Amino acid sequence: MAQAIPMEIPKSFPPFSLARLLRTVFEPQPGERIAILIDLADPADMKDFAFLGNPALTIQRHAHDVFYRGLREGVLKELDLKGGEMFAYRITGGSNLDLPDEAIDAAGASLSLQRDVYPRYDIILCISTFSATAPLTAFAKRFGFRGATLHGLNDTILRTGLAVDYNSVSREAEKLRLGLTRADHVEIDFEVAEVRHTLRLILNGQEAQKSHGLCRGKIADVANLPAGEVYFVPGGAEGEFPMKYEDGTIGLMRVAGGRIVGATLISGNEAVIRQHRERLSADPVTGELGELGFGTQRLPWAGRDIQDEKVLGTVHVATGRSDHLGGHLTPDKFTEASHATHDDILFAPHKTPEIRVPEVRMYRGGKTHVLMRDYEPAEYLRAILEA
């Protein structure tokens, strides 16, 4: 089979502009109030911005230098916004775990996010180590603010994923959403150690959703930035798929009834697999497949899943919490609060080079469409994008 010609990444991006990003994403109205949240191991280091003395806190420094100072040094006035304060909460330690309520401001005062922050601001930006999209979405719907989560922010994301025109991103995502919506099921072929495995995700004709970066008007919601994704909450799943752990261990996940029910070692550390099996046994819903996502943007790799999962040609599934995507798995369904994470499992050539994805197929209305081959969009998706 002939290799697909790679979709080209733009050679250059416009300079990052905080005013342009906020204007495009939120269409803020005069007088609206904006705030920034960050996470710290010790929130007391928020006082007098003491955390800036720690060179390891690059995400939080970007939050201060680019967003906080950007607001204070002209963007508040340019967009006729109020506020611009920054608050720190204690780091959660996991993706999309519920947020603590206590926050510290720059004066060192202890505040309640639910009493002193969420009700007082119209736009809240959360620039953190771990994703806070799920809990912040729940709070947005409760308190009526709009927001954005930008976890893992780095220089590459600033120069590329946050510098793009999100009106264009939204249009491209909608094209692909329409091309994928109401699918009956999707099959992903994986090849690792010269053995092929297939995962089937049951979609039952549901409407595809999109993460497109626009969060405007009166609708309380939270954008995940960088954006650019079409996704589903599977109604079930069966089969097998390989998973690469943080230490490089690769295991084979066995899926039945919509969740991971077993894990065996392919390469690496058996203890890592054993620990995962113990967690699945203790809290089975941690293995539930709560998302299937496809990237829609032409972006360079940033080394952070927040951007890399939005790259056209990648595919990801996620386990755990799914309520922020319209799924049924809320934190109370887990045996322990610390288990209620939403963890993306990204398949991309730079992150999982040991794992091939020879083909991804969509079944819809009695027809089969090949979506991807070897991390490149196949003819069906290319025709949609070029239309």
### Message
I'm trying to understand the selection: among the residues of segment 343-387, which are under 17 Å from Met253 (Cβ atoms) and either in a loop (DSSP other than H, G, I, E, B) or modelled with pLDDT under 95 (or both)?
### Response
Asp343, Asp344, Lys351, Thr352, Glu354, Ile355
### Query
Tell me, which strands (runs of 3 or more DSSP E) lie completely within segment 136-236 with 2 or more residues that are modelled with pLDDT of 95 or more, under 20 Å from the mean Cα position of the chain (by Cα) and closer than 30 Å to Lys367 by Cα?
209-211, 229-232
### Task
Have a look at Asn224, Asn167 and point out the one that is over 20 Å from Val357 (Cα atoms), of a type outside the set (D, E, K, R), exposed (fewer than 15 other Cβ atoms within 10 Å of the Cβ) and in contact with a Ser or Thr (Cβ under 8 Å, 6 or more places away or on another chain).
Asn167
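Tell me the residue from Glu359, Glu379 that is open to solvent by 70 Å² or more (accessible area, probe 1.4 Å) and farther than 21 Å from Asn204 by Cβ, please.
Just a single option satisfies the conditions, and that option is Glu379.
Residues are listed down the side, and each one gets a yes or a no for (1) open to solvent by 10 Å² or more (accessible area, probe 1.4 Å); (2) under 22 Å from Arg142 (Cβ atoms); (3) of a type in the set (Val, Ile, Thr):
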| residue | (1), (2), (3) |
| --- | --- |
| Gly70 | yes, no, no |
| Gly74 | yes, no, no |
| Leu79 | yes, no, no |
| Thr92 | yes, yes, yes |
| Asp101 | yes, yes, no |
| Ala109 | yes, no, no |
| Pro119 | yes, yes, no |
| Asp122 | yes, yes, no |
| Thr129 | yes, no, yes |
### Summary
Those residues of segment 314-345 which are over 16 Å from the mean Cα position of the chain (by Cα) and open to solvent by less than 20 Å² (accessible area, probe 1.4 Å) amount to Leu329, Phe334
### Summary
Within segment 85-105, residues of a type in the set (D, E, K, R) and over 11 Å from Ala337 (Cα atoms) come out as Glu85, Arg90, Asp101, Glu102, Asp105
### Query
Could you say whether any residue in segment 136-159 is crowded, with 22+ Cβ neighbours inside 10 Å, out of contact with any Ser or Thr (no Cβ under 9 Å at 6 or more places or on another chain) and under 30 Å from Gly248 (Cβ atoms)?
yes
### Message
Among the residues of segment 36-65, what is the count of those that are crowded, with 17+ Cβ neighbours inside 10 Å and assigned to a helix (DSSP H, G or I)?
### Response
10
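The values are calculated or read from the model by the stated rules, or taken from the named source; none is laboratory data. Model, not experiment: these values are computed from the prediction. Neighbour counts run over all protein chains shown; Cβ positions are idealised from the backbone, glycine included. Quick note on the areas: whole protein, heavy atoms, side chains included, nothing else; ligands and nucleic acids left out. Shrake-Rupley method; radii C 1.70, N 1.55, O 1.52, S 1.80 Å.
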